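Student: Got a structure here, written out as structure tokens. Questions coming.
The values are calculated or read from the model by the stated rules, or taken from the named source; none is laboratory data. All of these numbers come straight from a predicted model, not from anything done at the bench. All Cβ positions, glycine included, derive from the backbone under ideal geometry; neighbour counts span all protein chains shown.
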Amino acid sequence: MKILTTQIGGLLQRIASNNEEAIGETARLLAQASVGEGRVVFAGFGELEAVVMTALEGIEPFKGAIRYEDGMPIEKVDRVWLLTRSSEDEKALRLARSLSENFIPFAALAAEKLDDSNALADFSYTYLSTGLTRGLLPGVDGERIVQPHALAALFIYEAVKMAYDEILMDS
């Protein structure tokens, strides 16, 4: 338990230091919809649907948020936050491509770092990385285990929400 706690603490510290600027940019991007006539559309894939549930059903809901439904119309005044474990997730990339082609700014969150081979990052206006590309702990057979993608994404969500709420209070 002590090793797990240490590793998760380290993960969250790395996320905070590596994403500080992108967290603020993402909050500003999403706030554009709420300050204007748009909606904040949360598109969660796989276990990152946990972030969507928190945004919509949590004790402190994300103001202006709605859930993405496949095929739903998204307007230019809307802003989308696309959340996926992997930047190579086909469904997430299909949505990202569509948003990009329709000039709808969106934020993306995935495990992989921002680099030249990351198509999801290329499509997105802001990109956040959990940096969680392998397990945190060594398993019995030497493989890496414990990949808390939802936990890491929820940590980033809370940081973005704090900045977002502050922007809305000031506007």
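Student: Condition (residue is under 30 Å from Met1 (Cβ atoms) and in a loop (DSSP other than H, G, I, E, B)) applied to the range 59-79: is it met by at least one residue?
Tutor: Yes, there is a match, as at least one residue in the range 59-79 is under 30 Å from Met1 (Cβ atoms) and in a loop (DSSP other than H, G, I, E, B).
Student: For residues that are at pLDDT below 95, in a helix (DSSP H, G or I) and of a type in the set (Gly, Ala, Ser), tally how many sit in the range 135-171.
Tutor: Residues meeting the conditions: 0.
Student: Also, quick follow-up: Among Leu48, Leu29, which is the only one that is among the aliphatic types (A, V, I, L, M) and in contact with a His (Cβ under 9 Å, 6 or more places away or on another chain)?
Tutor: Leu48
Student: If you don't mind, another one. Which one of these does Ser98 not meet: (1) under 21 Å from Ile23 (Cα atoms); (2) part of a helix (DSSP H, G or I); (3) of a type in the set (Ser, Thr, Tyr)?
Tutor: (1)
Student: Follow-up question, since we're still on this one. Check the range 44-63 and report whether any residue there is under 14 Å from the mean Cα position of the chain (by Cα) and at positive phi.
Tutor: Yes: one or more hits.
Student: I've got another one for you. Working only within the range 103-129, note down all residues that are under 20 Å from Tyr68 (Cβ atoms), part of a loop (DSSP other than H, G, I, E, B) and within 15 Å of the chain's Cα centre (by Cα).
Tutor: Correct list: Pro105, Ala111, Ser124, Tyr125.
Student: Starting from residues that are among the acidic types (Asp, Glu) and modelled with pLDDT under 95, keep the ones in the range 94-121 and report whichever is farthest from Leu11 (Cα to Cα).
Tutor: This residue is Asp116.
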